[in-house]
Amino acid sequence: MVKNELRGIGSTGQICYFLGAGFSKASKYQLPTADGFLSLDMPIYCRDAVNEKHVIDVRARPDLSGLLSRLEARYGDLNSLNLESVMSDLYERSAGLGRAWVNRDASSVNELLTPGKVHWSTDQPPPPDGSELARDYALLLLLICLRLRVVEATNDECPMVRRLLSSLRLRDSIITLNYDTIIEREWKLSAGGRTSGDARADALGYYIGLPSPGYLTNPDMLYHVQPRVRGFYAKLHGSVDWRSCREPVCPNHSYIESTDRSRPDTFDAAEQWHCAACASIPETVIIPPVASKSFDRFPKLRLMWLQAYHALRIARRWVFMGVSLAPTDMHLRSLLRAASEEWLGAEVPGVDQICIVNKDDSACSKVARRLTECLPPQVQAVPSGSQPRIATFASIDDYLADAERVDSTRPA
Ligand SMILES: [Zn+2]
């Protein structure tokens, strides 16, 4: 492992960026990471009666502050909680395997209590009733959306995001684990707000959405991944602007559409959209790391993960920015292992350098350790005389400054 030593990747090499919550935290918007996300002091996005955008305190919304109180009663001190752990638990118990575990019959539950016996000490309230789990999961998704959408309350650009996007060549890819929309927003702002501003964002909308009208007259049954010409933009864990129809019998139930991407910003999207096929109120598509069921419901997500795999497989440089590589994210670890095993064959040249960009040296070392667990042993070995494959950068600015110098001669 070396520090601050970025190597060039030649004129045709591709870069695959991998963005985690640390990236959005380092941005101008200072969005929270999973640790410390849940707090009674959080600012959230709102619109007023004349559709002006504002940022308000979460305490102004009784439904959301009530949710935070229940989460504290169920999981402990809010400041000690990890958003993804809480989300995964609520998801698993309200929609996953644990759905069958809690069966509270309101008319008979009192019979289980022994008269005169205190079942919970009075200074510590009992965990909320299990039947509230599904409602709390839905409220948690709303809270995540409103927290991360505070970026929309301003029209300012983020210089750090702009620098990163300016350094991209068409063949480079971005894979993000973040639910926020700061990348798409920057693309859209730079295009004057009328288009998505980037072909990768257009393509993403196509790959998660309904089959296009052309599909009916001239269907293509087979999809050929061609990452060598144009890179991908993939949001592996969903997005605050993604919606789908909640009704299982509706044809739109298996597809996702962004409320932000191609529509003019005329009114607040979160509450007012309806499914065009059945009038249901759409639900947000945010995927907890444990949720394998999402791939059954949204088969097209597999196409997006396939693109991410190919982008990683052929890239000459991987750059992890603010990614923690949480050990619980098994899908992500499998993706990295599968892509890096390809380097052992003859078909792709393999990655030349893996850059780990995080908030300080100790965070970089931790991520480097976790990353090496996801790579096959043959890839981890460094042949004698060659340079180490992993380079670390203790801030995004450090990396971008090097990239602007080293990559300046890369053709468009
Ligand atoms: Zn519907």
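Worth a mention:
- Filter result for SER244 (within 11 Å of the ligand (Cβ to nearest atom), within 18 Å of the chain's Cα centre (by Cα) and crowded, with 21+ Cβ neighbours inside 10 Å): yes
- Within the stretch 242-253, the presence of at least one residue that is at pLDDT 90 or above, of a type in the set (S, T, N, Q) and not in a strand (DSSP E or B) is confirmed.
- Residue within the stretch 153-173 that is closer than 30 Å to ASP89 by Cβ and of a type outside the set (Phe, Trp, Tyr) present: no
- Look at the stretch 273-289: where a residue is under 16 Å from SER88 (Cβ atoms) and in a loop (DSSP other than H, G, I, E, B) and a partner is modelled with pLDDT of 90 or more and among the acidic types (Asp, Glu), sitting 6+ places away or on another chain with Cβ atoms under 8 Å, you get PRO288/GLU84; PRO289/GLU84.
- Applying the set (1) more than 14 Å from VAL285 (Cα to Cα); (2) modelled with pLDDT of 85 or more; (3) touching a Ser or Thr at 6+ places or on another chain (Cβ under 8 Å); (4) away from the ligand (no atom under 16 Å from the Cβ) to TYR206 leaves exactly one unmet item: (2).
- From the list CYS46, CYS16, the one residue that fits, being outside any helix (DSSP H, G or I) and touching a His at 6+ places or on another chain (Cβ under 6 Å), is CYS46.
To keep it simple, each residue is scored yes or no on (1) among the small types (Gly, Ala, Ser); (2) on the phi < 0 side of the Ramachandran plot; (3) buried (at least 21 other Cβ atoms within 10 Å of the Cβ); (4) without any contact (Cβ under 8 Å) to a residue 24 or more places away in the chain.
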position	(1), (2), (3), (4)
LEU325	no, no, yes, no
ALA339	yes, yes, yes, no
SER362	yes, yes, no, yes
ARG410	no, yes, no, no
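- Filtering the stretch 271-289 to residues that are aliphatic (A, V, I, L, M) and away from the ligand (no atom under 15 Å from the Cβ) leaves ILE286, ILE287.
The values are calculated or read from the model by the stated rules, or taken from the named source; none is laboratory data. Computed from a prediction, not measured in an experiment: that's the story for all the values here. Glycine gets a Cβ as well: all are built from the backbone with ideal geometry, and neighbour counts include every protein chain shown.
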